[in-house]
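Worksheet: the structure to be examined is printed underneath.
Read the figures in this text as sums done on the coordinates, not as results from a lab. Just so it is clear, the model here is predicted, and its values are computed rather than measured. Quick reminder, even Gly has a Cβ in these numbers, built from the backbone with ideal geometry, and neighbours come from all protein chains shown.
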Amino acid sequence: MTKKTIIFLIIMSLAIGLSAATLKSPNGNFTLDFSLQNDGTPTYSLTYKGKTVIKPSKLGFEIKGDQNGDFSGAWVTDKEAQSSLHSNFQIADTKTAAFDETWKPVWGEEKEIRNHYNELAVLLKQQQSNRQMLIRFRLFNDGLGFRYEFPEQKELTYFIIEEELTQFAMAGDHKAIWIPGDYDTQEYDYTISKLSEIRGLFAKAITGNTSQTPIYPLSVQTSLQMKSAEGLYINLHEAALINFSCMNLTLDDRDFIFQAHLTPDAQGNKGHIQAPSVSPWRTVIVSEDARDILASRITLNLNEPCKIADVSWIKPVKYIGVWWEMITGKSEWSYTNDFSTVQIGISDYAAAKPHGRHAATTENVKKYIDFAAKHGFGGVLVEGWNIGWEDWFDKSKDFVFDFVTPYPDFDVKELHRYAKSKGVKLIMHHETSASTRNYERHLDAAYQFMKDNGYDAVKSGYVGDMLPRGEHHYSQWIVNHYQYCVEKAADYQIMVNAHEAVRPTGICRTYPNLIGNESARGTEYQAFGGNTANHATVLPFTRQIGGPMDYTPGIFEQDISKLNPNNHSHVNATIANQLAMYVTLYSPLQMAADLPENYDRFPDAFQFIKDVAVDWDETRYLEAEPGEYLTIARRAKGTNDWYIGGVSGYNAHTADIKLDFLPKGKTCEATIYQDAPNAHYKTNPQAYVISKIKVTDKSKLKAFAAPGGGFAVSIKEVK
Ligand code: NOJ
Ligand code: CA
């Protein structure tokens, strides 16, 4: 898969006695300075074109021994010195290297990705104990990645992380797009404020109510997008989160210093490490042009190459689903209210009286299959097909779903036959209700059941408090659970789209069967009260720095009371905005989430969703300002067809688009779907205009996005 690999290894110095080292990015724009303070505390700083991005910031860990308080092999008797992996260091060795490789992702925003960096590896040794820790820095043309490595050594084999002490000292009171540093949900609306304003807005961001006191320290989640007063865009995140706790960032809002704050486990520990071992990469993406943040592939590049030998079964897909009708409350996941006959574990569903609102019936699913076949969708997701939804929230029973037993009105074999006859694949649903051990126990049987019945993709979910009790959604143990499921799924040739799992960190490079994650506030919240109208302009800069999102766009009916009279939510997006997201919000898995009957009302707009691709050879970021607008053009895999999407925030936006990326000298037809001049996400969301014009690579287009709106364009060569 590797086109060309050039690796130089230059041993820079045998650095005994040295206390500093410097690294430059391949283009020279970035300078990283590493140095030891007088007490042996490692620090780093980062500049971009001479501007300070990260002021001198500390590195290291506070650690403790095993349950008995022992450090294997460590002879230091002083407790204080034992617990420190943050000072008393000397540089034992430094090495630099350069790397330049172009690789091909299995699916993605482009067909080739360049991984080009200079590397500095600093081996540190603690004077008294002889313990070693290596810090590896990789400086790319668009930013920095660094991680900790714990080499195999007698002096430090097993240890517990009390806290990671990595700092990111900001050079000013930047504007930030943030969500609070929760351990169990990422499904927040984003707040845009200065760093100095986060404290005042924190409680409100968590609870929506300023009178409540938040239980978390003043902290934010990554990916965190910032903008400095002088117009520098800075993004902090992590890459390759494997066998480690997920990182939030606490904020010292007097000096604007972020510090790593790892998700605790049930005991309050931040991680159990056995050397040799490495931390995830900490990433800093920087540019004066917001488009470069979206174009950065640092997160993917810092992950290991693909570990799946045969990837022929991994396929991007557009899908519909028996889903929105339950989310809006029009129908139900469950089958019965008859609790006298239904008790999980000893259920007798056949004898239970159905409540009549069950959505996943054979008949209803066939309607969705027909619609998918008619309009060219590859997949149909069905939720609520399996027993257990009656008391799935009841954690007093450490047994919930078994993932293999359908409700009496869902005929697995018949639906397999029917879907196959129509050329459609059913997509499995596994709601685990966050009972991770229960899921692990059933996983082989559940995946085998899928294979036996023609399913090759699963949407999994982790709603509610974690079991085992006291664990958090993003602690090391649970992070390992998600990884275990993805790797086991690969053994079964199953694609995974995990909801409520830890936010992605580019692991889809290594395991491209991880084709989707939710891990942020998705479309479902449009039916739970609504999302902010600039959400679509923010997600690519925040949540999506780690990987694709199963946002499930495509809602054409904004008035949810039309589906369920008891639900008064309003979808804060115009129809044109929903179309645009198929391009602006990259995902190899795209849902058309609304009900078939709503698509039948707007067949001309629906045409764009039918046409748009899900896999790409080339992407151009045409304009971007997080929170305000962004416009992206992509060329569909293996074709000359281009799709453009543009979304706006709370203000209307007109994009001037140069079509100079079109095939030279060829006449093409562009179909433009845009908000009508009087469209508005609240008051007039269904007002769109569709036009067709002839264009060439010399043409310019103007496209209009209303408040909370957007536009979408499909361009095909005229043959
Ligand atoms: C939350 C998920 O995000 C949603 O898509 C799903 O339908 C429900 N959980 C039920 O599993
Ligand atoms: Ca969710």
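Quick notes on this one:
- D (Stokes-Einstein, µm²/s), Kirkwood Cα radius, the stretch 553-658, 0.692 mPa s at 37 °C: 221
- Label-to-label distance for residue 370 and residue 480 is 5.0 nm, based on points extended 7 Å past Cα in the beta-carbon direction.
- For residue 411, nonlocal amide neighbours, meaning residues 5 or more places apart or on other chains whose placed amide H falls under 5 Å from its own, are 362.
- Under 12 Å, Cβ to Cβ, from residue 694 - net charge with Lys/Arg +1 and Asp/Glu -1: +2
- In sequence order, calculated HN-Hα J values of the stretch 144-153 (Karplus, 6.51, -1.76, 1.60; Hz; x Gly/Pro): 10, x, 8, 9, 9, 10, 10, x, 4, 6
- C-alpha center-to-center spacing [the stretch 119-171, the stretch 348-384] in angstrom: 52
- Long-range HN-HN contacts of residue 108 with modeled amide H, under 5 Å: 616
- Summary of the geometry: the stretch 648-695 and the stretch 509-536, compared by the centres of their Cα atoms, lie 24 Å apart.
- Rg over Rh [alpha-carbon atoms, Kirkwood Rh] for the stretch 487-528: 1.06
- Kirkwood hydrodynamic radius of the chain, Cα pairs, Å: 26.7
- For the stretch 461-504 and the stretch 240-283, distance of Cα centres in Å: 18
- At q = 0.20, 0.32 Å⁻¹, base-10 log of I(q)/I(0) for the stretch 550-592 (Debye sum, equal scatterers on each alpha carbon): -0.64, -1.07
- Among residues other than residue 49 with Cβ under 13 Å from its Cβ, the summed charge is -3 (Lys and Arg +1, Asp and Glu -1).
- Peptides ranked, highest mean first, by Cβ atoms within 10 Å: ranges 705-711, 508-514, 657-663, 416-422: 705-711, 508-514, 657-663, 416-422
- Distant-in-sequence amide contacts of residue 429, defined by a placed amide H-H separation under 5 Å and a gap of 5 or more residues or a different chain, comprise 382, 459.
- Across the stretch 248-256, rounded Karplus estimates of 3J(HN,Hα) from the backbone phi angles (6.51 cos²θ - 1.76 cosθ + 1.60, θ = phi - 60°) give 9, 10, 7, 10, 8, 8, 8, 10, 6 Hz, Gly and Pro being marked x.
- Residue exposure sequence - 622, 241, 23, 426 - by fewest surrounding Cβ within 10 Å: 622, 23, 241, 426
- Coarse-grained scattering of the stretch 336-475 at q = 0.12, 0.20 Å⁻¹, given as base-10 log I(q)/I(0) from a Debye sum over alpha-carbon atoms: -0.51, -1.22
- Calculated Rg and Dmax of the stretch 181-267 using C-alpha coordinates, Å: 13.5, 43
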